[in-house]
Amino acid sequence: MSQKRYVVELSEEERAFLTGIVQSEKRIARRKRLRAQVLLKADQGEDGPAWTDEKTAEAFDVHINTVHTTRKRLVLLGLERSLEDKRRAEPPRKRVFDGKKEKELLAIASGPPPEGRARWTLHLLADEVVRLDIVDSVSYETVRRVLKRGI
């Protein structure tokens, strides 16, 4: 087997911290507890069990990549951040309305309704902001959420 690139060698304080998480009776996220257990078993320090990735993965019923990723995150990010879930740098979808576009939508919605109508509907507002080139396309549900937030 090849040499591990990210070697876990825990200090006494780190080991005590992880053991505290594993043995805690408080409600701790399942994944956080699992990552702590993986790191304790992967510890290759003088007091660590130095389990292989395969043995650790089998013992905790996770994929071997989970063990590798946990070790890698410890080495690169540190103990605290290796136990937490990753956060996205940016959301999966960009916002349709930014601050300026939201104000324009709110101005249209609070203005007079189109001719022949008693009030603005979400569908009419969505069509109007597209017609005025405020946004390229938008659903009425997005318009509803913006109005709910803005009012």
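Across the range 22-58, what is the number of residues that are among the β-branched types (Val, Ile, Thr), farther than 17 Å from Arg73 by Cβ and in a helix (DSSP H, G or I)? Number satisfying all stated conditions: 1. The residues on offer are Thr19, Thr69, and the sole one that is part of a helix (DSSP H, G or I), among the hydroxyl-bearing types (Ser, Thr, Tyr) and loosely packed, with under 15 Cβ neighbours inside 10 Å is Thr19.
Selection of the range 10-21 for residues being of a type in the set (Lys, Arg) and either over 17 Å from Leu77 (Cα atoms) or without any contact (Cβ under 8 Å) to a residue 12 or more places away in the chain (or both) yields an empty set.
Residue pairs whose Cβ atoms lie under 8 Å apart, sitting 6 or more positions apart in sequence or on different chains, and linking a residue in the range 77-95 that is at negative phi to a partner that is among the acidic types (Asp, Glu) and part of a helix (DSSP H, G or I), are Leu79/Glu14.
Among the residues of the range 92-115, write down those that are acidic (Asp, Glu), assigned to a helix (DSSP H, G or I) and farther than 15 Å from Arg131 by Cα. Walk me through it before giving the result.
Within the range 92-115, the first condition is being acidic (Asp, Glu), and the residues that meet it are 98, 102, 104, 115.
Then keep just the ones that are assigned to a helix (DSSP H, G or I); that gives 102, 104.
The answer is Glu102, and nothing else.
When the residues of the range 72-91 are filtered to those that are at pLDDT 90 or above and assigned to a loop (DSSP other than H, G, I, E, B), the one that is surrounded by the most Cβ atoms within 10 Å (Cβ to Cβ) is Glu84.
Taking the criterion of being under 29 Å from the mean Cα position of the chain (by Cα) and without any contact (Cβ under 8 Å) to a residue 12 or more places away in the chain, the only residue of the range 43-54 that qualifies is Glu54.
The values are calculated or read from the model by the stated rules, or taken from the named source; none is laboratory data. These figures come from a predicted structure and were not determined experimentally. Backbone-built Cβ (ideal geometry, glycine too); neighbour counts: all protein chains shown.
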